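None of the figures in this text is laboratory data; all of them are computed from the coordinates on show. Keep in mind that what you see is a predicted model, and the values were worked out from it rather than measured. Don't worry about glycine lacking a Cβ; one is built from the backbone with ideal geometry, like all the others, and counts go over all protein chains shown.
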Amino acid sequence: MMENNTQLKEMIRSMVIDILQGQKQETASSQPVKQVSRGQEPGVFDTVDEAIRAAKEAQLRFEDCTLATREKVIADIRAAMRPRVQELAQKTVEETGMGRVADKVLKLNLTLDKTPGVEDLITECETGDNGMTLYELSPYGVIGAITPSTNPAETLICNSIGMLAAGNAIFFSVHPGAKNLSRELVSELNQVIAKSIGIENLIVTLREPSIESAQEMMLHPDVSLLVVTGGPGVVKQALQSGKKVIGAGAGNPPAFVDETADIKKAAQDIVLGASLDNNILCIAEKSVVAMRQIEPQLVQEMVKVGCVLVDNQQDIQRLVDLTVLPNGTPNKQFVGKNASVILDAAHIPYNGDPRLIIMRTPKDHPFAVSEMLMPILPVITVDSFEEGLNVCLMLEAGLHHTATMHSLNMERLNQMARKMKTSIFVKNGPSYAGLGFSGEGTTTFTIATPTGESTTSARCFARRRRCCLTTGFNIR
């Protein structure tokens, strides 16, 4: 009887502790922290230290919340951003001067639909005669995230969903070329989160971003993880910080079309992928490598679906002089611009509103070997599969980012996928299928090839921790 009473007391004690802890957690998640940002923009600060201190305070409260709380805030972000998609797309084009509004609408809706949340945090478990070991994913704390001007709203929303799902707060060091849109978006997300769960400053940024402030953020002691969506220079700088870095670098994706492919479909897929948002996506096709026997038909089909073929060498040279600087880098004046803008500047005639400019070039042409980020697509002819594969390897230049292939030969598809070693490899589809758009799988706008995480999601923004229980919980 005494033993039963003792067990009953222990059960009651355990239940009381659970209730008290639940009340404490509910109180913590319902009382907002003091808003320390100045002016009328929640989450927007004047100094790096001020912003990160506020984010750290917010994260400490957020990590005490339940997973259901994280799910709620992410659902509320998706719902709040949906009516804003058209306006965000319009403002992005107006501020950055890059891309197409309709295409940005597609990308933003994709971000809201297919960026994974808490469900991405997979629990692993091992059991045996000696007990049980559990592996779970816990927050890093405050993440320092650097975002580009090419996909500012998509990256910011995508990163926010994944990083909040993992239990973190985020300091966004945004590109100065998209600072107004990014600042507005951070402020709006703060208001959504505060209304949803009563915690402010889980997402913060600066009123006036700069290279110096990004460098200060990288070295701040309260930033535990750096996530860089940008060029190789900023990734290299982040890697020198001594912190854990998830770095998304450049790509130069080739599209290989062999003689077995469905040529009409291949042409349409390549044009759709390469022209999306004027080719500013790093995964977009940057060159076409085609077998000689099908190249004329492929080019003809590409013209049918919205391409302008420039076949005069003088016109091609004018395009090069216009869009490539003397040092071989793209002229930023034309990055992300409509094909019509580039053609007008080069005084090349066209009809309608072309999606893409194509031309036949050698494999070492400036348009082929550089990531132009413009709706310009060189077509390179090869005589064999082996030659085509080698040209694709040369063009991709060991970046291991993205490649596509159009073929009905499974052995060739498999061989190219193995040889390219890219984070994303798309077979018989547009490049954006690799982001889950008209393809299976989740969406991300941070593709971390240099540091190995590939297509990032919530689990990448969490620490894998191990918890071991001995002599129990094995029921096999």
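Counted by Cβ distance under 15 Å from Ile211, the other residues give a net charge of -1, where Lys and Arg count +1 and Asp and Glu count -1. Relative contact order for the range 248-295: 55 percent, from Cα pairs under 8 Å spaced at least 6 residues apart, divided by residue count. The slack between Asp364 and Val320, meaning 0.36 nm per residue of separation minus the straight C-alpha distance, is 14.5 nm.
Annotation: amide H-H contacts under 5 Å for Ala166 (H modelled 1.01 Å from N, sequence separation of 5 or more, or interchain): none.
The range 256-398 has equivalent-ellipsoid semi-axes of 22, 17, 14 Å, by the square roots of 5 times the alpha carbon gyration tensor eigenvalues, sorted largest first.
What net charge is computed for the residues neighbouring Glu453, neighbours being all others with C-beta under 11 Å from the C-beta of Glu453, Lys and Arg scored +1, Asp and Glu -1?
Neighbour charge sum, excluding Glu453 itself: +2.
When chymotrypsin sites (Phe, Trp or Tyr not before Pro) are flagged only if DSSP places them in a loop and at most 16 other Cβ atoms lie within 10 Å, the longest unflagged stretch of the chain comes out as 1-349.
Going from the residue with the fewest nearby Cβ atoms within 10 Å to the one with the most, Val369, Val174 rank Val369, Val174.
What the phi angles of the range 49-64 give under the Karplus curve with 6.51, -1.76 and 1.60, with θ = phi - 60°, is a coupling list of 4, 4, 5, 5, 4, 5, 5, 5, 4, 5, 5, 4, 7, 5, 6, 8 Hz, glycine and proline written as x. Here His401, His175, His347 are placed in order of increasing Cβ neighbour count within 10 Å, fewest first, which gives His347, His175, His401.
Taking 15 Å as the straight-line reach from the Cα of Lys332, the aspartates and glutamates in range (excluding those fewer than 8 positions away in the same chain) are Glu95, Asp321, Glu371.
What the phi angles of the range 67-74 give under the Karplus curve with 6.51, -1.76 and 1.60, with θ = phi - 60°, is a coupling list of 4, 4, 5, 4, 4, 5, 5, 5 Hz, glycine and proline written as x.
Structural descriptor for the chain: relative contact order 20 percent, calculated from alpha carbon pairs under 8 angstrom and at least 6 residues apart. Stretching the chain fully between Glu386 and Gln191 yields a gain of 64.6 nm (0.36 nm per residue, less the alpha carbon separation).
Alpha-carbon geometry of the chain: the Rg and the Dmax are 25.3, 100 Å, given in that order.
When the C-alpha to C-alpha distance is required to be over 29 Å, the pairs from Lys104/Lys427; Lys244/Lys337; Lys107/Lys243; Lys286/Lys421 that qualify are Lys244/Lys337; Lys107/Lys243. Under 5 Å from the amide H of Thr260 lie the amide H atoms of Leu408, each residue being 5 or more positions distant or on a separate chain, with H modelled from the backbone and absent for Pro and chain starts. Taking amide H positions as modeled 1.01 Å from N, with prolines and chain starts lacking one, the residues under 5 Å from Phe45 and 5 or more places away or on another chain are Thr205, Leu206, Arg207. Looking at the range 254-440, the DSSP beta bridges with both ends there are about 5 percent antiparallel. Converting phi to 3J(HN,Hα) with the Karplus coefficients 6.51, -1.76 and 1.60 and the offset θ = phi - 60°, the range 313-329 yields 4, 5, 5, 4, 5, 5, 5, 4, 4, 7, 10, 10, 6, x, 7, x, 8 Hz in sequence order, with x at every glycine or proline. As a proxy for reagent exposure, ranking Thr123, Thr404, Thr361, Thr205 by other Cβ atoms within 10 Å from fewest up yields Thr123, Thr361, Thr205, Thr404.
Just to confirm a number: summing +1 for Lys and Arg and -1 for Asp and Glu over residues other than Val105 whose beta-carbon lies under 13 angstrom from that of Val105, what do you get? Could the numbers behind the result be given before it?
On the way: positive: Arg82, Arg84, Lys91, Arg100, Lys104, Lys107; negative: Glu87, Asp103, Asp113, Glu154, Asp277.
The answer is +1.
Contact order normalised by length for the range 254-440, with contacts defined as Cα pairs under 8 Å and 6 or more residues apart; what percent is it? So the answer I get is 31 percent.
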